[in-house]
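The structure appears below as structure tokens.
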Amino acid sequence: MDFTFTEEQQAAVEAARAVFSDVAPDRAPSPSLTRGAVAEDIDRRLWHELARTDLLGLTLSPDHGGAGLDPIALCLVLRESARVLARVPLLESCAVATALQRYGDRTLAAELLPRAGRGELILTVGANGRTGHDPAELAVSARPYGDGDGDGDGDGDGDGRDDGPDGGGSGWVLDGVQTAVPWAQVADWIAVPAHTAGGRPVLALVPRTRDGVTLADQVSTNGERLAEVRLEAVRVEARELIATAGCWDWLRSLLTTGTCALALGLGERVLAMTADYTGKREQFGFPVATFQAVAVQAADRYIDLRAMEATLWQAAWRISTGSGGPLPAAGDVAVAKIWASDGVRRVVQTAQHLHGGFGADTDYPLHRYHAWAKQIELSLGPAAAHEEALGDLLAAHPLG
């Protein structure tokens, strides 16, 4: 496999490294010492700097003021952001913007995407459903205005077309709950997966201040601010709902792959911290890194990271190019998330072990990385959930 990156992708990495070089992992209070969220808002200074360097519009077309790069470039930047525990909704905002550009209404895209790329608009997405274990689209129902007969088309003729109460296809009504929505309190628009009466998945773009939308504070494992988003008879315009087949599946795959990129960047930083510490910490007159038991454990974690890297780029390549394979792209995404979830957990656990008591010192950043790793491990499903999904794909697409 050739994972050589293009000049444009490498330039994005260099720009990201320059921006994140000024970010300290302990810029926010420690999640271990803070009751509730560590901060009420995102890192606005960093957000504006990402906008200034055009990294928020990385995957947007030049028509929308973007760089026109692919999800691989986004994953490269996310990898860098995780090394410093950047407190910004970079993944969520860029992923939703990319999905809107790819599948959404052109007039709405023209209104929102240039502002999103300039950092004037924050987008987020509810991808965890009601419980975090069931498909997110099942947690919210979408019905056309005036649909009282249950046929899902709003006019009683059963043709499946959204004619609306006035015959003009005027919009939809959403009801349901999405939990653990990242930074919903400061987002301008929330992407909400939902299902129609016929079970078809759709994606609605809902302004946070729309009537019927209420938020309840939640806090993630790493101390970041989340929200339970409750929708009660929320009306959305026809152009604000994307019913194109495959839209939600594609966005969910991009979010999952981006989470794998975060896991890789975090894991690489933690292993580097561990190498530095064990190279300086001495016992019996020798650095502990020279002890065989320490070296073997570190080597095993290096192998984990290389497997996480290979599976990440395979998944990102499938999403970016739409290339075929023996399994749908969802199979590669599942494999990447299995490695990311298990791998990042093993990396931080080994790091804590090799740091000894120093790893629990709240003046040292390792405990922060441990909390973030646990959040990433479980985000969009732990390894076991993706193993089950991969098994279903294998059963439906026998190899050989």
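The values are calculated or read from the model by the stated rules, or taken from the named source; none is laboratory data. Please read all numbers here as calculations on a predicted model, not as lab measurements. Every residue, glycine as well, gets a Cβ built from its backbone with ideal geometry; the counts of neighbours run over all protein chains shown. Only protein heavy atoms, including side chains, enter the accessible area calculation; ligands, DNA and RNA are left aside. Shrake-Rupley method; radii C 1.70, N 1.55, O 1.52, S 1.80 Å.
Side notes on the structure shown:
- Remark: spin-label model distance S32-A395 equals 4.3 nm, labels positioned 7 Å along the Cα→Cβ axis.
- Separation between Cα centres of the range 196-248 and the range 257-303, rounded to whole Å: 41
- Within the range 308-400, trypsin sites (Lys or Arg not before Pro) in DSSP loop having at most 10 other beta-carbon neighbours inside 10 Å: none
- Computed P(r) (all Cα pairs; the range 84-129; 5 Å bins; percent): 5, 22, 29, 23, 13, 6, 2, 0
- Value in Å of the Kirkwood radius, where the chain supplies the Cα pairs that are averaged: 22.0
- Length-normalised contact order for the chain - Cα pairs under 8 Å, 6+ apart - percent: 15
- Here the extension length gained between A275 and D63 equals 71.8 nm, from 0.36 nm per residue of separation less the Cα-Cα distance.
- Crossing angle, helix 329-355 versus the chain [Cα axis fit, 0-90 degrees, rounded to tens]: 30
- Cα shape, the range 67-147, gyration tensor, a/c 1.5 rule: oblate
- Once the Cβ-Cβ distance of R210 and T131 is raised to the sixth power relative to R0 = 22 Å, the FRET efficiency obtained is 0.40.
- Cleavage-rule hits (GluC sites (Glu not before Pro)) in the range 29-101: DSSP loop, at most 11 neighbouring Cβ within 10 angstrom: E40
- Largest accessible area first, the residues T4, T34 order themselves as T4, T34 under a 1.4 Å probe with ligands, DNA and RNA left out.
- Put simply, when 325-336, 98-109 are sorted by average Cβ atoms within 10 angstrom per residue, most first, you get 325-336, 98-109.
- Accessible surface of the chain [probe 1.4 Å, protein heavy atoms]: carbon and sulfur percent: 52
- Restricting the trypsin sites (Lys or Arg not before Pro) of the range 1-50 to loop positions (DSSP other than H, G, I, E, B) with no more than 11 neighbouring Cβ atoms within 10 Å leaves R35.
- Taking the square roots of 5 times each eigenvalue of the Cα gyration tensor of the range 239-309, largest first, gives ellipsoid semi-axes of 43, 11, 5 Å.
- F284-F5 FRET efficiency (beta carbon distance; Förster radius 35 Å; 0.05 resolution): 0.20
- The angle between the Cα long axis of helix 7-20 and the main principal axis of the chain comes to about 70°, on a 0 to 90 degree scale.
- Per residue accessible area of the range 1-80, 1.4 Å probe, in Å²: 52
- The range 225-378 gives an Rg/Rh value of 1.13, both radii derived from C-alpha positions and Rh following Kirkwood.
- Crossing angle, helix 383-396 versus the chain [Cα axis fit, 0-90 degrees, rounded to tens]: 60
- Here the convex hull built on the C-alpha positions of the range 1-117 has a volume of 126 cubic angstrom per residue.
- Charge tally for E137 (other residues, Cβ to Cβ under 15 Å; Lys, Arg +1; Asp, Glu -1): +1.
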